[in-house]
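J.: Pasting in a structure now, in structure tokens, and then I'll have a few things to ask.
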Amino acid sequence: MSKVDLSPLPWNTHGFDEKETVEIDNDKFNIYRYGKKGVLFFCIHGAGYTGLSFAQFAEMIKDKIECQIVAPDLRGHGKTECEHPFDFSKDRIVKDLSAIYEKLYPDEASRPYAFVVGHSMGGAMAIRLCRENIISNVLSLIVIDVVEGTALSSLANMPQVLRRRPKHFKSLEEAIHWATTASDTLCRLPGARQSVPSQLRKNEQTGFYEWICDLAKTQPFWVEWFTGISHEFLECKQGKVLIIGHVDSMDSELIRAEMEGKYQNVIVPDAGHAIHENDAEAVTNVIKSIYQRFEVLIKKNLKIHL
């Protein structure tokens, strides 16, 4: 039997072709990008992840749709450097994302049509961005594997999950192996080879690789992130899609709203928590079907009334 390749991959192996630093006040945000034309995919990762968790999705969607993709590392994550890296409050992160968007697209008149895609904690931020109309011309809000009821009820188990999480690794290969075998944070190959190394930095004193984002330090913000997001999601005027792993994840408010046709619900089984990374094809197909409703108007540069 051949040995499984667990070697780390460069950041631009799949999906992205540019890495840009956006300076906001005294903070430097690392942004992974692809393309400068077409519809925008503004992608927001979950806690502990980085923008590279969207690399598999980016690789697939760019071959289906003429698009541009923006995936920042949030404060306290990846290669982003901030004066206050542990301020994970929802208001702070939403302000960061708003500032990044305005820096990248300063001319309101020429801002592209957009999909806002958020995973887990990033889904909560995506909901707030759309509810407050911070991102212009949004065709659809895509929320991946986060529902208020299940998120809040699972918080009691999170300290135990974090205790099972290794504090450090001897090598990046060891970290990738753990990520692809741990039931709590399953990340499949080849995505793990590109995204997992971006979550770690080498401690030159010990020689070990340690997590850049200490998830335990995000704990004071967990309830704030998820409280009220079902109601906020349904209040968003844009098109809305919720992608989850199984129907048991839904709370009663979302079940009623789906029956009333207020949003589209998509079940992608057996893909773990990072559905967009582990089954990028399923997520791409959902988004492509939405895009096709607007494709002719976009290509003719006609105004779409959202």
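The values are calculated or read from the model by the stated rules, or taken from the named source; none is laboratory data. Predicted, not measured: the structure shown is a model, and the values here were computed from it. No Cβ is skipped: glycine too gets one built from the backbone with ideal geometry, and neighbour counts run over all protein chains shown. These area figures cover heavy atoms from the full protein model, side chains too; ligands, DNA and RNA do not enter into them. Shrake-Rupley method; radii C 1.70, N 1.55, O 1.52, S 1.80 Å.
J.: Before we move on, is residue 156 more than 22 Å from the chain's Cα centre (by Cα) and of a type in the set (A, V, I, L, M, F, W, C)?
T.: Judged against the criteria, residue 156 is a match.
J.: Could you list, in sequence order, all residues of the stretch 40-66 that are closer than 20 Å to residue 285 by Cβ and either open to solvent by less than 10 Å² (accessible area, probe 1.4 Å) or among the polar types (S, T, N, Q) (or both)? Don't jump to the end; show me each part of the working.
T.: Residues of the stretch 40-66 that are closer than 20 Å to residue 285 by Cβ, as a first pass: 40-43, 53-66.
Answer for the stretch 40-66, where residues must be closer than 20 Å to residue 285 by Cβ and either open to solvent by less than 10 Å² (accessible area, probe 1.4 Å) or among the polar types (S, T, N, Q) (or both): 40, 41, 42, 43, 53, 54, 55, 56, 57, 58, 61, 65.
J.: For residue 91, are the conditions met, namely being open to solvent by less than 10 Å² (accessible area, probe 1.4 Å), of a type outside the set (Val, Ile, Thr), at pLDDT 95 or above and more than 18 Å from residue 281 (Cα to Cα)? Even if it seems obvious, please write down each step before you answer.
T.: Numbers: open to solvent by less than 10 Å² (accessible area, probe 1.4 Å): no; of a type outside the set (Val, Ile, Thr): yes; at pLDDT 95 or above: yes; more than 18 Å from residue 281 (Cα to Cα): yes.
Judged against the criteria, residue 91 is not a match.
J.: Among the residues of the stretch 104-129 satisfying the criterion of being of a type in the set (A, V, I, L, M) and outside any strand (DSSP E or B), which is nearest to residue 23 (Cα to Cα)? Talk me through it step by step, then tell me what you get.
T.: Taking the stretch 104-129 first, the residues of a type in the set (A, V, I, L, M) are 104, 109, 114, 116-117, 121, 124-127, 129.
Imposing the further condition that a residue be outside any strand (DSSP E or B) reduces the set to 104, 109, 121, 124-127, 129.
Working: 104: 11, 109: 23, 121: 23, 124: 24, 125: 20, 126: 21, 127: 24, 129: 20 Å.
Only one residue tops the list, namely 104.
J.: Find all pairs meeting these conditions: Cβ atoms under 6 angstrom apart; at least six residues apart or on different chains; first residue within the stretch 151-172 and more than 12 Å from residue 215 (Cα to Cα); second residue of a type outside the set (D, E, K, R) and open to solvent by less than 40 Å² (accessible area, probe 1.4 Å).
T.: As it stands, the answer is 151/226; 152/226; 155/222; 169/175; 172/197, since those pairs meet every condition given.
J.: Does residue 149 count as in a helix (DSSP H, G or I), surrounded by 15 or more Cβ atoms within 10 Å (Cβ to Cβ) and in contact with a His (Cβ under 8 Å, 6 or more places away or on another chain)? Break it down into steps so the answer makes sense when it comes.
T.: On the way: in a helix (DSSP H, G or I): yes; surrounded by 15 or more Cβ atoms within 10 Å (Cβ to Cβ): yes; in contact with a His (Cβ under 8 Å, 6 or more places away or on another chain): no.
No; evaluated as a whole, the condition is false for this residue.
J.: So, one more: May I ask you to list the residues in the stretch 20-30 that are out of contact with any Gly (no Cβ under 7 Å at 6 or more places or on another chain) and open to solvent by less than 80 Å² (accessible area, probe 1.4 Å)? If you could, list the steps in order and put the result at the bottom.
T.: Just the residues of the stretch 20-30 that are out of contact with any Gly (no Cβ under 7 Å at 6 or more places or on another chain), to begin with: 20-29.
Matches in the stretch 20-30: 20, 22, 24, 27, 29.
J.: Is the stretch 270-277 home to any residue that is open to solvent by 20 Å² or more (accessible area, probe 1.4 Å), in contact (Cβ under 8 Å) with a residue 40 or more places away in the chain and either among the β-branched types (Val, Ile, Thr) or within 20 Å of residue 55 (Cα to Cα) (or both)?
T.: At the first step, the residues of the stretch 270-277 found to be open to solvent by 20 Å² or more (accessible area, probe 1.4 Å) are 270, 272-273.
Adding the requirement that they be in contact (Cβ under 8 Å) with a residue 40 or more places away in the chain leaves 272-273.
Filter again for either among the β-branched types (Val, Ile, Thr) or within 20 Å of residue 55 (Cα to Cα) (or both), leaving 272-273.
The answer is yes, given that some residue of the stretch 270-277 is open to solvent by 20 Å² or more (accessible area, probe 1.4 Å), in contact (Cβ under 8 Å) with a residue 40 or more places away in the chain and either among the β-branched types (Val, Ile, Thr) or within 20 Å of residue 55 (Cα to Cα) (or both).
J.: Taking residue 115, is it within 30 Å of residue 293 (Cα to Cα) and aromatic (Phe, Trp, Tyr)? Outline the logic, then answer.
T.: Numbers: within 30 Å of residue 293 (Cα to Cα): yes; aromatic (Phe, Trp, Tyr): yes.
Yes.
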